[in-house]
1. Residues in segment 69-95 that are within 14 Å of Gln127 (Cβ to Cβ), of a type in the set (A, V, I, L, M, F, W, C) and over 14 Å from the mean Cα position of the chain (by Cα): how many?
2. Residues in segment 24-47: is at least one of a type in the set (Lys, Arg) and buried (at least 17 other Cβ atoms within 10 Å of the Cβ)?
3. Just give me the residues in segment 11-54 being among the hydrophobic types (A, V, I, L, M, F, W, C), closer than 27 Å to Arg82 by Cα and either at pLDDT below 95 or under 10 Å from the mean Cα position of the chain (by Cα) (or both), in sequence order.
4. Of everything in segment 50-103, what is without any contact (Cβ under 8 Å) to a residue 12 or more places away in the chain, within 19 Å of Pro31 (Cα to Cα) and part of a helix (DSSP H, G or I)? Give them in sequence order.
5. Going by the structure shown, is Gly65 modelled with pLDDT under 95 and more than 26 Å from His12 (Cα to Cα)?
6. From the set of residues in segment 104-132 that are charged (D, E, K, R) and not in a strand (DSSP E or B), which is farthest from Leu93 (Cα to Cα)?
7. Does segment 6-17 contain at least one residue that is hydroxyl-bearing (Ser, Thr, Tyr) and either within 25 Å of Val131 (Cα to Cα) or in a loop (DSSP other than H, G, I, E, B) (or both)?
8. Yes or no: segment 94-105 includes at least one residue that is over 18 Å from Arg21 (Cα atoms) and touching a strand residue (DSSP E or B) at 6+ places or on another chain (Cβ under 8 Å).
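The values are calculated or read from the model by the stated rules, or taken from the named source; none is laboratory data. As the structure is a computational prediction, the values presented were derived from the model and not from experiment. Positions of Cβ are backbone-derived with ideal geometry, glycine not excepted, and every protein chain shown enters the neighbour counts.
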Amino acid sequence: GAGAGDLQKYWHTALRPHVERVFLRGPRISPEEGKTEMVEYVGMMGVVLEAFPTAFARAMLLTGGTSAFDAEQGVLRAIGERNEWTVRLPEWLGSAAVYIPAPGDWRVEGAKVLARKSDWIKIQPLQNPLVLRRASE
């Protein structure tokens, strides 16, 4: 079986690069399946697990299919179910500007919003953790 060291090595070599890529450039997911779909799926779900850990299981439950596009819909629904999130970014990202899922209109406390890419926002963190709050609240 795999030991803790093996799992840590697998995270650093096989998974984290995909998660980091989605954090830094946002997801590139479309309804049409392609070669990179699994890579995008892993990266996107890693972003959710890192930044919104309590939304991860709910996002998996709300995913209506097996594609990365379906998974993204589950993520967006799970994030949209609450009016406020405490977002903790991984320390290994340093002070990099990152993308996080934010379907609809949200205010971010502790970060500057730089751009919007569909239902994701690019933020420049000013503190960690930060708070994502629905703008209507």
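1. Selection size over segment 69-95: 0.
2. No.
3. Within segment 11-54, Val19, Val22, Phe23, Ile29, Val42, Met44, Met45, Val47, Val48, Leu49, Ala51, Phe52 qualify.
4. Asp70, Gln73 - these are the residues of segment 50-103 that are without any contact (Cβ under 8 Å) to a residue 12 or more places away in the chain, within 19 Å of Pro31 (Cα to Cα) and part of a helix (DSSP H, G or I).
5. Judged against the criteria, Gly65 is a match.
6. Asp105
7. no
8. Checked segment 94-105: at least one residue is over 18 Å from Arg21 (Cα atoms) and touching a strand residue (DSSP E or B) at 6+ places or on another chain (Cβ under 8 Å).
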